[in-house]
Structure formats: C-alpha cells, structure tokens
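Okay, so here's the structure we're looking at.
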Amino acid sequence: MGTGRTRRIEAGDLTLVRGDLRVAADAIRLSRRTLATIKANLFWAFALQHRGDSARRTRLLNPMIAGAAMAFSSVFVVANSLRLRTFAPL
C-alpha cells in the first residue's frame, strides 16, 4: 500500500505507509479529534477575546490585565492543542 506510484499517493485522501489497514481507523480518529480541538480552540479564543474587549471598552479592565488575559488566551489554545500529543492508537 505504501509502495504505490506518486500519482496514486497524491490523489488519495489517506496514504498508508504500512500494509496494516487498522492504522486507517486510527488516522480517522486522530483527524476527528484534531478537528474537535480546532473548533474548541476557536470558541475559547473568540470567547475570551470578546470578554476582554468588552471589559476593556467599558473601562472595567485595566489595559495591563487585558494584555495578560490576551496572553493567557494564547497559552490556553496552545496547551489545549498539546493534548493531541497524548493520542494513543487502539
């Protein structure tokens, strides 16, 4: 399966480099988990950004704290993405 020609490898949605079909199921599970993580990251990033912006605009939040909140938002997104490293195939 991994010995196909270049055109077949480029045309496929999924290329197996080993002859074991069970890795295809693992790849699909990982891709679904990755997409769910991307959606969650977008939600939290937009939610935290919106809350910070609205609090900053109404002058309820010090600009220094708003900057720290923005940095926390970025760290949160990266930390959430790092959870994908713990993916264990069946």
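Rounded to the nearest 10 degrees, the angle from helix 22-57 to the longest Cα principal axis of the chain is 10 degrees. When the Cα centres of the stretch 8-34 and the stretch 75-90 are compared, how far apart do they sit, in Å? What the calculation gives is 19 Å, centre to centre. Taking a point 7 Å from the Cα of Asp26 along the Cα-to-Cβ direction, the residues of the stretch 57-90 with backbone N closer than 17 Å to it are 84-90.
Computed extension gain for Phe43 through Ala68, at 0.36 nm per residue and net of the alpha carbon distance, reaches 7.1 nm. Looking at the stretch 14-90, what % of the alpha carbon pairs are farther apart than 16 Å? Taking all Cα-Cα pairs of the stretch 14-90, the fraction more than 16 Å apart is 61 percent.
Helix 63-82 axis versus longest C-alpha principal axis of the chain: approximately 20°, rounded to the nearest ten.
Extension gain for Thr15-Ser81 works out to 21.4 nm (0.36 nm per residue, less the C-alpha to C-alpha distance). Relative to the current alpha-carbon distance between Arg51 and Leu35, full extension at 0.36 nm per residue lengthens the span by 3.3 nm.
Only the coordinates and a few stated rules stand behind these numbers; no lab work does. Computed from a prediction, not measured in an experiment: that's the story for all the values here. FYI the Cβ positions are ideal-geometry reconstructions off the backbone, even for glycines, and counts take in every protein chain you see.
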